[in-house]
Amino acid sequence: MTSPHMTTESKMLKIENIHAEVDGKPILKGLSLELKAGEVHAIMGPNGAGKSTLGYVLAGRPGYEVTEGSAVFDGRDLLEMAPHERAAAGLFLGFQYPVEIPGVSNLQFLREALNAQRRARGQEPLSGGDFIKLARAQANALGLDPEMLKRPVNVGFSGGEKKRAEMVQMGIIDPKLAILDETDSGLDIDALRAVGAGINAIMRKPDKAVLLITHYQRLLDYVRPDFVHVLAGGRIVRSGGPELAHQLEAEGYTEIAA
Amino acid sequence: MSTLPTKRDEAWRYSDLKALERIWPVPVPDKVIVPAGKAERLSLVQDAPTGQVVVRDFTIEVGVGASFAMQLVNAGGQFGRIALDVTLYEGASFELDAAMIAGGEQTIELVTIVRHFEANATSRQTVRSIAGGKGTVSYVGKVAVSRDAQKTDASQSVKAMLLDRGATANAKPELEIFADDVKCAHGATVGELDAQALFYLASRGLPQAQAKALLLRAFVSGLFDGSPDEERFTAAIDAALETLL
């Protein structure tokens, strides 16, 4: 019983030879990547390399069409699942540009979302009181005023508040795999530190994994990756340890990606 | 009116006249008279079962310095029509919040005439409509300002959301102004659900129908915030959305 269970658990995400296009334009061209439980991977790369596309493809955004290849998440065919099913299976995408939703409060949205996930997994929905407690605790942990959770989703939030709010969502939802798309962009140094600490507290666990999509080294000072990959021209052109991020910062992408 | 209207009649141009035949002649209008200086309100939920034909006419007179607030959900039946003929006297005020939802092959409509008969009256109409399937939602609203009705302040805000290719939304605000010192604002938009917002909600675990319902409730929600009948309205809207999605 234990050992087959362990094997599926340890292999969190396996992407093989993914090709994907948007509006008929090929963006990902044979990308392969493997994440095991307990690992943090960083994907770096120049603008237009396909970093955000990778996140969207994995989360199932309509219009991002996979033409070849496979992605297996926690033993299941990810590409067969609808976006909400991927979420319920434990995948979380942190958006580079979190979407504003007027008229829908954070609390209402997150409670419905969490309970939809719980129902999909055959768990009891969380009561109103328990949910509020959880939401407040996560907001406090990320340094976001819990009162802001009563406001419409991301409406009137500053860039930093939106990213903190994404991490509060992640804390409430408690996913297995977090794909964080430029979560560090637009953050001042305090917010960066808070967000970094949040990622570690929520996701640095033996049964979870993180894929950090980022432009810069600076987030990686707070969330130390086990592996760093360089994405260029729609595929991984180089992989290495944390030192690769420093090398990229020093030498630039052109040198490394060449 | 004893003969059936035709599409040439402005107030019936978007109606389901075939369905109308089944109940013609329509009942006489309900009369509402708000005496001078009084404030009254009326809530109306039209949630007739599938297949029924409902035509509700109201003639409303709002006396000097009086106010009338009407809130309604129009969502039931094969053909559901609500028509208001409102006359405003000196300094009177009329407020209308209306939500309309049509799915399947429903025709849901709101037809209003607001007559600013004397000076200094205000009217505000806020209409939010949702059409899915092959449903049709229509708003035909006329604001008529008499020659003596100076300082009239009238507004019509009409927004419609289309969910499916076969759905139709009509919005026809119309002004007929004979005074020269008036403020008459009107705006009408027809849109669809924001694909980015839908994906964002889905990525957090909401199934499509639930995500759509959340956005659509938000679209109409502002209308009934704080209303004494908020719960009744919300329940009617939720029920209509559930059939629609």
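Since every read-out is calculated from the coordinates, none of them should be taken as a lab result. This is a predicted model, so every value here is computed, not measured. No Cβ is skipped: glycine too gets one built from the backbone with ideal geometry, and neighbour counts run over all protein chains shown.
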_Amide H of A:ARG235 versus every other amide H placed in the peptide plane: which residues, excluding those fewer than 5 positions away on the same chain, fall under 5 Å?_
A:LYS29
*With 20 Å as the limit, write out which pairs from A:LYS150/A:LYS208; B:LYS7/B:LYS172; B:LYS172/B:LYS212 have Cα-Cα distances beyond it, or answer none.*
A:LYS150/A:LYS208; B:LYS172/B:LYS212
*Could you rank the peptides B:61-68, A:153-160 by their average count of other C-beta atoms within 10 Å per residue, with the highest value first?*
B:61-68, A:153-160
*Tally Lys/Arg at +1 and Asp/Glu at -1 over every other residue whose Cβ is under 12 Å from the Cβ of B:LEU198; what's the total?*
+1
*Could you give me the ³J(HN,Hα) list for the stretch B:123-131, computed from phi with Karplus coefficients 6.51, -1.76, 1.60 and θ = phi - 60°, whole Hz, x at Gly and Pro?*
9, 9, 10, 10, 10, 10, 10, 10, 10
_Per-residue HN-Hα couplings for the stretch B:11-24 [Karplus 6.51, -1.76, 1.60; θ = phi - 60°; Hz; x = Gly/Pro]_ = 6, 10, 5, 10, 6, 8, 5, 5, 5, 4, 3, 4, 10, 5
*Can you pull the mean other chain C-beta count within 10 Å for peptide A:145-156?*
1
_Order of A:ILE43, A:ILE101, B:ILE177 under a 10 Å beta carbon neighbour criterion, fewest first_ = B:ILE177, A:ILE101, A:ILE43
